[in-house]
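The values are calculated or read from the model by the stated rules, or taken from the named source; none is laboratory data. Just so you know, these numbers come straight off a predicted model, no measurement behind them. Here the Cβ positions follow ideal geometry from the backbone for every residue, glycine too, while neighbour counts run over all protein chains shown. When the accessible area is computed, the model is the full protein with side chains, heavy atoms only, and any ligands, DNA or RNA have been set aside. Shrake-Rupley method; radii C 1.70, N 1.55, O 1.52, S 1.80 Å.
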Amino acid sequence: MGRIILAKLAELIIGTNKRITRFLISVAILVFVAALWRKNKEFVVIFLFALFIYWLFAKCIFRKPEDKLEDIKHLLQLEKFEKALEKIEEVMTKDLSKVKKDKINSIYYTCIYYKATCLWHKAFTTGNTEYLRESAKLYEELLDFYFKENKNTDYIMSSIGFIYYNLGFLEDDQEVIKDAIKVLDISLDNERNTKETNISSIYLGLANCYQVLAKHSNSEEYLKKSLEELKNAYIQITRGKHPYEEAVLNIIRTSVLRKLNEINHNEEYKMQAINYLNDAMKYLNTMYNIYYKKYFPNRYITMRVYMSKVYFEMYKINGSKEELSRFNEAVHEIQECMLKENNAYSRKQIDEMLDELKLEVKK
């Protein structure tokens, strides 16, 4: 518990690299002042007064847009999206006109990127898919600029693909999902043999897209495509350094294998699914005692959603009433948490499992 609180305080006080520098300079000044205090108290008082005047002056006069961008970045790290959007709007409407021409594009498109990121995350909490549409437009504007400037577009391209997937998933729109697959395929071709972590995310995005399509038509074909993409993703991250990603992939692979087994009645699929679930459960049980709901509510909800998926898949495979009971308990807890911390994406996943089970969970 103590470590969690200290980590939160450090994140709040220190934050980005620039804030770390400021923090260390502040500590150095305090040490310097303490050393002088014993010898010359009058000098220290004058020195502190001068520092205070400079701080006021700098805060009012020398507040550069670049400094505000650092503040916005810090707010994003703390998931303070509303405050970040306010500062972004301030920079774009008030400060941009005062910036030198050679810096306008850099600051403007940094704001566009941060705004798109904020709206993307807001869609996760509110469930308002208009935020996703606006976010996609901003990323597309950024993509056009990067093309013109001959900059690397890989991350922006994959982000657009992920947003299309989120939009298609939340609205259950097959056409948007197909657009997501096209964009992610292009992004994958661009990023091959570069960043392993992002490539694994793209494979996972494609796998999720095919699972959504499998609900509507050609289920076996799409499920096999999903399984292949999950295999590719696992190859990228299975180095023992990404246990969370491995656990998530194992849960998703279980779902695909279970559905294929229901179509083909293949015992090998069933055994593989159970093994993957057991591996995922071991990891999630360790995380349960790390992400306290009081300090990390969204992460806690996400972990509990994945655990509910484990219970759900176990029940679907074995028909165990015990697993069904555990699933119901997990769903109750998740729903209670979401009364305080809304999470539309997690809610959608829970609703889909409940629909599949044809259950009504008492709230």
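Laid out as a table, the results:
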quantity	calculated
Estimated inter-spin distance, GLU221 and TYR244, nm [label 7 Å along Cα→Cβ]	3.7 nm
D_trans [Stokes-Einstein, Kirkwood Rh over alpha-carbon pairs] for segment 211-286, 4 °C, 1.567 mPa s, µm² s⁻¹	102 µm²/s
Residue order for VAL176, VAL310 - accessible surface, 1.4 angstrom probe, largest first	VAL176, VAL310
Accessible area per residue, Å², segment 122-232 with all protein chains present, probe 1.4 Å	47 Å²
Cα-derived Rg over Rh, computed across segment 104-150 with Rh taken as Kirkwood radius	1.05
Computed accessible area, CYS337, all protein chains, 1.4 angstrom probe, square angstrom	20 Å²
Extension gain from GLU90 to LEU357, taking 0.36 nm per residue of separation minus the Cα-Cα distance	91.3 nm
Heavy-atom SASA rank of SER325, SER308 (probe 1.4 Å, accessible area, largest first)	SER325, SER308
Per-pair calculated FRET efficiency, R0 = 41 Å: GLU228 and SER106 via Cβ, rounded to 0.05	0.50
Stokes-Einstein D in µm²/s, Kirkwood radius over Cα pairs - segment 67-131 at 10 °C with 1.306 mPa s viscosity	131 µm²/s
Solvent-accessible surface (1.4 angstrom probe) belonging to HIS216, in square angstrom, nearest 10	80 Å²
With DNA, RNA and ligands ignored, accessible area of ASP189 (1.4 Å probe; Å², nearest 10)	100 Å²
